[in-house]
Number of protein chains: 4
Amino acid sequence: MTRMVTDLSALNGAERGTFVAALGGIFENAPWVAERVVASRPFATVADLHRAMVEAVAASGEAQQLDLIRGHPELGSKVGQAPAMTIESRSEQGGLGLDRLSEAEFARFNELNAAYRARFGFPFIICVRRHTRDSILAEFARRLANAPPQERAAALEEIGYITRLRLVEAVDGPGKPKTDGRLSTHVLDTVSGKPAAGVRVILTERGASAESVLAQTATNADGRTDAPLIGGAPLRIGTYEIAFHIGAYFAAKGVTAARPPFLDVVPIRFAIAEPEGHYHVPLLASPWSYSTYRGS
Amino acid sequence: MTRMVTDLSALNGAERGTFVAALGGIFENAPWVAERVVASRPFATVADLHRAMVEAVAASGEAQQLDLIRGHPELGSKVGQAPAMTIESRSEQGGLGLDRLSEAEFARFNELNAAYRARFGFPFIICVRRHTRDSILAEFARRLANAPPQERAAALEEIGYITRLRLVEAVDGPGKPKTDGRLSTHVLDTVSGKPAAGVRVILTERGASAESVLAQTATNADGRTDAPLIGGAPLRIGTYEIAFHIGAYFAAKGVTAARPPFLDVVPIRFAIAEPEGHYHVPLLASPWSYSTYRGS
Amino acid sequence: MTRMVTDLSALNGAERGTFVAALGGIFENAPWVAERVVASRPFATVADLHRAMVEAVAASGEAQQLDLIRGHPELGSKVGQAPAMTIESRSEQGGLGLDRLSEAEFARFNELNAAYRARFGFPFIICVRRHTRDSILAEFARRLANAPPQERAAALEEIGYITRLRLVEAVDGPGKPKTDGRLSTHVLDTVSGKPAAGVRVILTERGASAESVLAQTATNADGRTDAPLIGGAPLRIGTYEIAFHIGAYFAAKGVTAARPPFLDVVPIRFAIAEPEGHYHVPLLASPWSYSTYRGS
Amino acid sequence: MTRMVTDLSALNGAERGTFVAALGGIFENAPWVAERVVASRPFATVADLHRAMVEAVAASGEAQQLDLIRGHPELGSKVGQAPAMTIESRSEQGGLGLDRLSEAEFARFNELNAAYRARFGFPFIICVRRHTRDSILAEFARRLANAPPQERAAALEEIGYITRLRLVEAVDGPGKPKTDGRLSTHVLDTVSGKPAAGVRVILTERGASAESVLAQTATNADGRTDAPLIGGAPLRIGTYEIAFHIGAYFAAKGVTAARPPFLDVVPIRFAIAEPEGHYHVPLLASPWSYSTYRGS
């Protein structure tokens, strides 16, 4: 998909129509949000522009907010079944595989969508790029128990996340709000007091129904990976496991160990809760002991 | 199965025939081993008795050792297919499920048995009560590469383990050789500086083809389990995982954490290499960090 | 000093006069406490006897409690200056060296005693066997800020600790209340995954004015010390440091390290707050890393 | 002291006399070293220039090397007592306080200098900027046991360190050899899983005769110190201690702890052996446990 990217400075100086044409799709099926901030230009930063749009929604009143919410597609809609779905929604849901659900998963999403719509009268909205399938299902269950006003606020908060990501991609300029997270690691060999180089590191997402390998790499001379295990995007809320192959590492170094070695593949399982955060998950290991922690 | 247990003192004073009848089955189809130590009585300890029997085998020469080795059943023989299999062998192999192999596993064992017999001219002997299926297969592969004299020594060493276990169960008396191992754990809550009570702990054996739950329990007020996770028998060489449910523990204590919690189920994966050893595998944990080590 | 020890069963059956003679000195200059519990005999446990005496004090009313409190000597009184001091008080204060204070320390204690007496009208009472000089001074300062009723309660609580210790030493029998604490350690070598044997361990008390060595020993084959570092008595509230000589240990094992080694003498500094508690302070160490925690 | 700094490019193009005038003092009282490398110009890097000078010394033969060695002042010479001491030597020895030795220390250095000179016939040379007083005394003792050829090599190695530092300060240009080390720390709060901000951190050098505070600071929002604890110079080989005031930190955060807190000031004692290395010495702490390691 080609995406048009505009400069904030150009938007600040553009005709009203050009401005609205450029940003009308940021809020799903709601070009009026862009219209309402035209007069507040110029915006010093992309974050200011987004804040103004969010505040325009907040000021628009319950009826219009409900319209905005109702303008979103249902989660897990198969392409072709939700005609009003924007290009942006298609891309976002596609990234998680929500357009390639199995029949059983599709049924489960349909069931939750129906229960949710019956309770609240609008579709379940969540910023899918900040979630794994598991955390979406967990949020679905949790939010179904909300009172309606609380849930409207939750939906608007998610719309804030969705549009922040869209705006950051659609507009270039200073002061972009932070939307990326980062997962990194390093391995320290406590026998030699040095970074452990050449340790195989495998990152998987652990879902209720499946595990998928997200990264396979090895530590470099610094005991780190050349690139973050995840970066350049929001981290998806969910459960992960890093497998550190330290048995092979110590064997290659000739460090004597038992047969089989007490520690071979060390799994570190953890959850990510802050999509825009930095999670540093190191391993300090000898052939007989290790520790880990959330670092920064 | 009822097992006759005799006192060492009774054996020391028994008629030759009684002695041989009692201990004739310790060495598989080789009552001559018992016969050769009759004259060395009295034995001060059960360990002395076993040592004498092992030395009688060592002194018997290559031909008789080969006869002894050949008197053992093939591993994984289905009951009914190995008519000369002693009651003891049946019981030992049954404990590991070797008499309930799937067709594929049976085929794999048959193949290894055939390759082994072709190479060495005798059946593969291993003290199955010290092994998991995985470690048996690993040993099979490793020992297939041995030179014949080295492999005869390996077979005799395994016969030593097998008969030591049999003797310890057949004879009561002082100075029993150590045949039991122990796996224990404890959980320390580093936020409160106290033992973590009520932490769910699940021990699984991790095999190539399957995982099986060996123990499900919870820590007591001391942060330990009321009984060892494994005890009262040799530990089986193999890979294990203890899952510590510390997310639920900290949630119940009201320790604030992320949603989802950074650490929920902490898996500690390790191998046991010494069946008669004590493996203490503790967890020191906060909601954001933990460490483990092989303790004692 | 010879101490008369009586059996609880003998006390339960003794003449009233014998009972009071035996226990009249437990509460300082207050044989009436023993008198009041005579009629409550028999006591099933030593703890029950102590509890009854403490309750007799609690029931005696403010005036008599103040008499009891005033019957105690001032802390740091030089022998010969406090004629009514019981043998027990002399022994207890002597253990901490309070009868061997320097002139400056004596002056400091006198000053605090005077300020305390001016504020509360009775001497400062503290169970010295549960304290170091430093923690006594800290408690002095803290308790000077108490309101009078709060401070009377604090004094009675300390009398409870003092008399519990005296009773445990004066009376033999079942159900002795716990008065002993324990400080223990162990050292684990994370390079070899084994207990570290032969590590020199030195325990010092760290006071504001001086440090004193309380124990010098070495770890045994289990990585522990043959005897607890402190045991058989209450632990004194205060600050301690254990120095673990792991540099020499790893050098002797031939584990390569830097020159000078990164870690040589590892000091672990900690405070004890619960005199009757068990403090286990282990060290898990490689030549380049270590961890410690309060265990149990 | 004003120091003349010259550009490498200027030196590469300078007259022979200018070149020798600029670099004649790099090797103590030995302008001939500079003379011998004139013809090897141009040097691409400062490191190349230094290497060439060191090789000129290596190629000069034992007699001239001994002259070079003998041209150095004795360590600990009081200013005014060693007339041939260069400005550079005065500055270097002054940094360690070797020109302000107490009478006892001066006597000790004199004694060692005399023993050394008697054994080898030349003064003891050591790059003082890479050492503490303690490590100088340790090296003195260690090197006194060397055989003469080994010790000549040791002296030349130290001259290499001395001149590398001098050259890096005298000449600007690309490819400077690494002469600086760095000591850094960070503190992680394992209760909250976040960097510990505002922890007081005090670094001391621990000498045999005295301790001196090298840095007093506090951790920033990242749990690090704004500047390295030591940086911008070689680290001095020796023993150090960082005191982390985590008791006050946790008290300020309202984390409940004992009175007195189990951990208050945590001392981490370690040695530096590589003056040009990076020593990262972090603390991961809860109120009841901590760990540290040499990181990078």
Checklist line | Criterion violated by B:N220 - all others in (1) crowded, with 16+ Cβ neighbours inside 10 Å; (2) more than 14 Å from chain D (Cβ to nearest Cβ) satisfied | finding: (1)
Notebook entry, point to check: Residue check, B:G295 against (1) modelled with pLDDT of 95 or more; (2) within 16 Å of A:P261 (Cα to Cα), all met but one. Which one?
Noted result: (1)
Next item on the list: Assess whether A:G247 counts as being under 30 Å from B:A257 (Cα atoms) and within 14 Å of chain C (Cβ to nearest Cβ).
Entry: no
Checklist line | Breaking point among (1) in a strand (DSSP E or B); (2) among the small types (G, A, S); (3) open to solvent by 20 Å² or more (accessible area, probe 1.4 Å), for B:A258 | finding: (1)
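I'm trying to understand the selection: among the residues of segment A:206-225, which are touching a helix residue (DSSP H, G or I) at 6+ places or on another chain (Cβ under 9 Å) and modelled with pLDDT under 95? It would help to see each step written out before you state the result.
Step one: filter segment A:206-225 for residues touching a helix residue (DSSP H, G or I) at 6+ places or on another chain (Cβ under 9 Å), giving A:206-210, A:219.
Answer for segment A:206-225, where residues must be touching a helix residue (DSSP H, G or I) at 6+ places or on another chain (Cβ under 9 Å) and modelled with pLDDT under 95: A:R206, A:G207, A:A208, A:S209, A:A210.
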Next item on the list: Report, by residue number, each residue of segment D:2-25 that is open to solvent by 10 Å² or more (accessible area, probe 1.4 Å) and under 26 Å from the mean Cα position of the chain (by Cα).
Entry: D:T2, D:R3, D:M4, D:V5, D:T6, D:D7, D:A22, D:G24, D:G25
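If I filter segment C:29-43 down to residues being touching a Gly at 6+ places or on another chain (Cβ under 7 Å) and not in a helix (DSSP H, G or I), which single residue comes out as most open to solvent (accessible area, probe 1.4 Å)?
Residues of segment C:29-43 touching a Gly at 6+ places or on another chain (Cβ under 7 Å): C:29-31, C:34.
Pick out the ones that are also not in a helix (DSSP H, G or I) and you get C:29-31.
Working: C:N29: 83, C:A30: 2, C:P31: 58 Å².
If we take residues in segment C:29-43 being touching a Gly at 6+ places or on another chain (Cβ under 7 Å) and not in a helix (DSSP H, G or I), then C:N29 is most open to solvent (accessible area, probe 1.4 Å).
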Note to self: When the residues of segment D:133-176 are narrowed to those that are under 21 Å from D:N113 (Cα atoms), aliphatic (A, V, I, L, M) and not in a helix (DSSP H, G or I), which ends up least open to solvent (accessible area, probe 1.4 Å)?
What the structure shows: D:A147
Next item on the list: Starting from residues that are more than 11 Å from chain B (Cβ to nearest Cβ) and part of a loop (DSSP other than H, G, I, E, B), keep the ones in segment D:277-296 and report whichever is farthest from the chain's Cα centre (by Cα).
Entry: D:P282
Note to self: Quick check on B:P195: is it over 16 Å from D:T190 (Cα atoms), out of contact with any Asp or Glu (no Cβ under 6 Å at 6 or more places or on another chain) and within 14 Å of chain D (Cβ to nearest Cβ)?
What the structure shows: no
Next item on the list: Give segment D:103-132 a look and list any residue that's farther than 21 Å from D:Q65 by Cβ and loosely packed, with under 14 Cβ neighbours inside 10 Å, or say none.
Entry: D:E103, D:A104, D:A107, D:E111, D:A114
Note to self: Contact list please: Cβ distance under 7 Å, first residue in segment A:228-241 and touching a residue at least 60 places away in the same chain (Cβ under 8 Å) and more than 8 Å from chain B (Cβ to nearest Cβ), second residue assigned to a loop (DSSP other than H, G, I, E, B) and of a type in the set (D, E), pairs at least six apart or on different chains.
What the structure shows: A:A233/A:D180; A:P234/A:D180; A:P234/A:E276
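Residues are listed down the side, and each one gets a yes or a no for (1) basic (K, R); (2) surrounded by 16 or more Cβ atoms within 10 Å (Cβ to Cβ); (3) modelled with pLDDT under 80:
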site	(1), (2), (3)
A:M53	no, yes, no
A:A59	no, no, no
A:A63	no, no, no
A:D67	no, no, no
A:L75	no, yes, no
A:K78	yes, no, yes
A:Q81	no, no, yes
A:I87	no, no, yes
Next item on the list: State yes or no: is B:R142 without any contact (Cβ under 8 Å) to a residue 24 or more places away in the chain and charged (D, E, K, R)?
Entry: yes
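Please determine, by comparing only the residues of segment B:263-276 that are assigned to a loop (DSSP other than H, G, I, E, B) and open to solvent by 10 Å² or more (accessible area, probe 1.4 Å), which one is farthest from the other protein chains (Cβ to nearest Cβ). Break it down into steps so the answer makes sense when it comes.
Of the residues in segment B:263-276, the ones assigned to a loop (DSSP other than H, G, I, E, B) are B:263-264, B:273-276.
Narrowing further to those that are open to solvent by 10 Å² or more (accessible area, probe 1.4 Å): B:264, B:273-274, B:276.
Working: B:D264: 6, B:A273: 4, B:E274: 7, B:E276: 13 Å.
Step by step, filter segment B:263-276, then rank; the result is B:E276.
With respect to D:D180, determine if the residue is of a type in the set (D, E), surrounded by fewer than 16 Cβ atoms within 10 Å (Cβ to Cβ) and away from every other protein chain (no Cβ under 14 Å). Lay out the reasoning, then the answer.
Numbers: of a type in the set (D, E): yes; surrounded by fewer than 16 Cβ atoms within 10 Å (Cβ to Cβ): no; away from every other protein chain (no Cβ under 14 Å): yes.
Answer is no for this residue.
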Item checked: Complete set of residues in segment C:216-248 that are closer than 24 Å to C:L137 by Cβ and part of a strand (DSSP E or B) -> C:I230, C:A233, C:I237, C:G238, C:T239, C:Y240, C:E241, C:I242
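Could you check how many residues of segment B:197-215 are among the aliphatic types (A, V, I, L, M), surrounded by fewer than 15 Cβ atoms within 10 Å (Cβ to Cβ) and not in a loop (DSSP other than H, G, I, E, B)? Show your work before the answer.
First, the residues of segment B:197-215 that are among the aliphatic types (A, V, I, L, M): B:197, B:199, B:201-203, B:208, B:210, B:213-215.
Applying the additional criterion that residues be surrounded by fewer than 15 Cβ atoms within 10 Å (Cβ to Cβ) yields B:208, B:210, B:213.
Narrowing the set further to residues that are not in a loop (DSSP other than H, G, I, E, B) leaves B:213.
Result for segment B:197-215: 1.
The values are calculated or read from the model by the stated rules, or taken from the named source; none is laboratory data. The structure presented is a predicted model; accordingly, all values stated were derived computationally and were not measured. Cβ atoms come from the backbone with ideal geometry, glycine included; neighbour counts cover every protein chain shown. Ligands, DNA and RNA are excluded from the accessible area calculation, which covers all protein heavy atoms including side chains. Shrake-Rupley method; radii C 1.70, N 1.55, O 1.52, S 1.80 Å.
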